[in-house]
Amino acid sequence: MSVSVQSENGKKILLLGGSYQQIVAIEAAKRLGYYTILCDYLNDNPGQKYADKFYLVSTTDKEAVLEVAKKEKIDGVIAYASDPAAPTAAYVAEKLGLEGNPLKVVEICCNKDRFRKFLQENQFYTPKTKTYTSIEDAFKDVKRFQFPIIIKPVDSSGSKGVTVLYNENELERAFLYALSYSRCKKIIVEEYIEKKHPYLIGGDIFVVDGKIILWGLMNCHRDNRVNTLVPTGKSYPLFLDEIDVDNVKNTLSQLVKKLGIRNGAMNVELIINKKDHVIPIDIGPRCGGNMIPEVLSDIWKINIAEISIKAAMGDTIECKLKEPEYHYATYNLHSNRKGIYRDISFDKELEQYIYRKVLYKKCGDNVEYFDNATKCLGIIFMKFDNLDKMKKILSEMENHIFLDLDITENE
C-alpha cells in the first residue's frame, strides 16, 4: 500500500484499474486535487505507484469494491478505459448515491446480447443475432444464419474471443474459443455486416447533461495480413461523406437519449452497411482503450482524462474545443509471430510524423501473436499536415516498422 497524503480539496475518488493506460486518469485526479484510491486485482499493477492508496481487490468484485468505497468514504468512482469494471463503478455509485450513469443502462452496454435486444426494441438497425450457452443449440440453429457469421463472447472487449466463420466447419472451435473469454459463459452469433466504407467508425463521445458535447469519431484501422478483427489504430478526420457523418451522429444522439446516458465518456463502434444503414456494434460506458482519449485530447486541445474525472465527481465541465490543425493517427504496434522482444525501430519517412511513442515491451519480454488488443506491443502517435500523405503512410505501415524478434515458434 502506498503512502497516503492529504488531498487539496478533501474529496476522494476511487479508480478501478491501474494498467499503463489508466495511469493518466490517476494523474489527472491528482492534478485536480483529489485523494486517489485504486483497486486492481494484480499486485504488480503500475498504477499503484501513482495512487495515494491501493487495495488488492478485483474491479469486477462488486461487493468487495463497495466495501472499499464505504470504508474510504469516497466522493466519486470511475472505471477509466475498462469495460469489465464499468458495471462495478455504476453499482457502487448507485449504492452510495454518487454521480454516475444508471446501473441498468451500463449493464446493457456491457453485455452484447442485452445491447442487441435494446437495439431491436428501439428500432435501431442491427444484424440477425442469437445468444447461446451450449454448443448443441448453436449447431441446431446455425443453418438459420447466412454466412459469414461472427461468434463472440457477450461480455468481453478488445476483440477477445471473436471469430469470423465462412462455413460451419469450425463452429465448435470458434464456440469454445469465445466461451473461454466469457465470464458469464454465454456467446453470441450474428451475421457479418458488409461495410460500405473500408473502415469501421469508432472512438469516444462525451456526454454532459444528456447531450453529446464531443464527437471523437475516427476511422478504425485493421491489419488484414494479421487479423481482420483487432484494431491496429485510429485516424482523424473520418473518411466519410457529410451525409454519412450526419447519420452517424443522429444515431448516436438517439442512442444516448433512449439509453438515458447522463454524463461521461462513451466508447463507440459503428458500421455503415451497403444500404446506407448505420449499425451500432458496441457502445461502452467508459473511455476507450488503446489510448483513444489521449489522441482525442491532442486533436481537440482538451484533457479528456480530466473531464472524465470531473464527470465522475459531479463537477461542472467546461469544454472549449479548438478546430483541429492537423490530421492525426495512432498505430498499435504488433506482431504476426510469437517470440522474444529485442527492439523496434522506424524508418526516417515515418519517424518525421511520430510525435509520441508509448512502448510496452522491453528487451527479453515475450511477444505473442496479435489476436486481441492485450497483445499490443505499444502505440505510436502521428500527425500530418497532408491528408493524402497520412492515408499513404497508414496503408503501408508494415514497410516503415522493423520489429527485432527472436522467433520461438515453428515457422
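Checked against the criterion of being in contact with a Ser or Thr (Cβ under 8 Å, 6 or more places away or on another chain) and either closer than 18 Å to Ala25 by Cα or open to solvent by 30 Å² or more (accessible area, probe 1.4 Å) (or both), the candidates Tyr125, Tyr80 yield just one match: Tyr80.
Identify the residue in segment 114-126 that is part of a helix (DSSP H, G or I) and within 15 Å of Val278 (Cα to Cα) and, among all such residues, is farthest from the chain's Cα centre (by Cα).
First, the residues of segment 114-126 that are part of a helix (DSSP H, G or I): 114-121.
From the residues that got through so far, the ones that are within 15 Å of Val278 (Cα to Cα) too are 116, 119-120.
On the way: Arg116: 18, Leu119: 20, Gln120: 23 Å.
Residue satisfying both the conditions and the ranking: Gln120.
Annotation note: of Pro198, Pro153, the sole residue that is open to solvent by 60 Å² or more (accessible area, probe 1.4 Å), within 30 Å of Ala329 (Cα to Cα), touching a residue at least 12 places away in the same chain (Cβ under 8 Å) and out of contact with any His (no Cβ under 6 Å at 6 or more places or on another chain) is Pro198. Of the residues that make up segment 278-299, is at least one over 19 Å from the mean Cα position of the chain (by Cα) and closer than 20 Å to Lys112 by Cα? Yes: one or more hits. Residues that are more than 21 Å from the chain's Cα centre (by Cα) and closer than 18 Å to Met382 by Cα were ranked within segment 302-329; the one that is surrounded by the most Cβ atoms within 10 Å (Cβ to Cβ) is His327. Determine, yes or no, whether Gly47 is at positive phi and out of contact with any Pro (no Cβ under 7 Å at 6 or more places or on another chain). When the stated conditions are applied, Gly47 does not pass them. Among the residues of segment 24-57, those that are open to solvent by less than 40 Å² (accessible area, probe 1.4 Å) and of a type in the set (Ser, Thr, Tyr) comprise Tyr34, Tyr35, Thr36, Tyr55.
Within segment 336-361, the set of residues being under 11 Å from Gly378 (Cβ atoms) and either small (Gly, Ala, Ser) or out of contact with any strand residue (DSSP E or B) (no Cβ under 7 Å at 6 or more places or on another chain) (or both) is empty.
Scanning segment 239-250 turns up at least one residue that is open to solvent by less than 20 Å² (accessible area, probe 1.4 Å) and at pLDDT 95 or above.
State which residue is most open to solvent (accessible area, probe 1.4 Å) when the search covers only segment 392-411 and only residues that are assigned to a loop (DSSP other than H, G, I, E, B) and not charged (D, E, K, R). Here the residue is Asn410.
If you scan segment 144-182, which residues turn out to be within 29 Å of Met266 (Cβ to Cβ) and in a strand (DSSP E or B)? Residues satisfying the conditions are Ile149, Ile150, Ile151, Lys152, Pro153, Thr163, Val164.
Six or more apart or on different chains, Cβ under 8 Å: which pairs go from a residue in segment 34-59 that's in contact (Cβ under 8 Å) with a residue 60 or more places away in the chain to one that's open to solvent by less than 30 Å² (accessible area, probe 1.4 Å) and hydrophobic (A, V, I, L, M, F, W, C)? Could you list them? These pairs meet every condition: Tyr34/Ile13; Tyr34/Ile309; Tyr34/Met313.
The test for being touching a residue at least 12 places away in the same chain (Cβ under 8 Å), of a type outside the set (Lys, Arg), under 16 Å from Val57 (Cβ atoms) and touching a Lys or Arg at 6+ places or on another chain (Cβ under 9 Å) holds for Ala89. The residues on offer are Leu66, Leu14, Leu96, and the sole one that is under 21 Å from the mean Cα position of the chain (by Cα) and either modelled with pLDDT of 95 or more or open to solvent by 50 Å² or more (accessible area, probe 1.4 Å) (or both) is Leu14.
Among the candidates Ile340, Ile354, the residue that is in contact with a Phe, Trp or Tyr (Cβ under 7 Å, 6 or more places away or on another chain), open to solvent by less than 80 Å² (accessible area, probe 1.4 Å), hydrophobic (A, V, I, L, M, F, W, C) and modelled with pLDDT of 95 or more is uniquely Ile354. So which residues in segment 100-112 are touching a residue at least 40 places away in the same chain (Cβ under 8 Å) and either surrounded by fewer than 19 Cβ atoms within 10 Å (Cβ to Cβ) or of a type in the set (A, V, I, L, M, F, W, C) (or both), if there are any at all? The answer is Pro102, Val105, Val106, Ile108, Cys109, Cys110. A single member of Val164, Val154, Val189, Val142 is among the β-branched types (Val, Ile, Thr) and within 23 Å of Gly233 (Cα to Cα), and it is Val164.
Any residue at all in segment 129-143 that is under 30 Å from Gly76 (Cβ atoms) and either part of a helix (DSSP H, G or I) or open to solvent by 40 Å² or more (accessible area, probe 1.4 Å) (or both)? No, every residue in segment 129-143 fails to be under 30 Å from Gly76 (Cβ atoms) and either part of a helix (DSSP H, G or I) or open to solvent by 40 Å² or more (accessible area, probe 1.4 Å) (or both). Return a yes/no flag: does segment 376-391 have any residue that is part of a loop (DSSP other than H, G, I, E, B), of a type outside the set (S, T, N, Q) and modelled with pLDDT under 95. Taking every residue of segment 376-391 in turn, at least one turns out to be part of a loop (DSSP other than H, G, I, E, B), of a type outside the set (S, T, N, Q) and modelled with pLDDT under 95.
Yes/no matrix, rows are residues, columns are (1) within 23 Å of the chain's Cα centre (by Cα); (2) under 21 Å from Leu296 (Cα atoms):
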position: Ile354; (1), (2): yes, yes
position: Lys357; (1), (2): yes, yes
position: Gly364; (1), (2): no, no
position: Val367; (1), (2): yes, no
position: Asp388; (1), (2): no, yes
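The values are calculated or read from the model by the stated rules, or taken from the named source; none is laboratory data. Please read all numbers here as calculations on a predicted model, not as lab measurements. Cβ atoms come from the backbone with ideal geometry, glycine included; neighbour counts cover every protein chain shown. Surface accessibility is based on the protein's heavy atoms, side chains included, excluding ligands, DNA and RNA. Shrake-Rupley method; radii C 1.70, N 1.55, O 1.52, S 1.80 Å.
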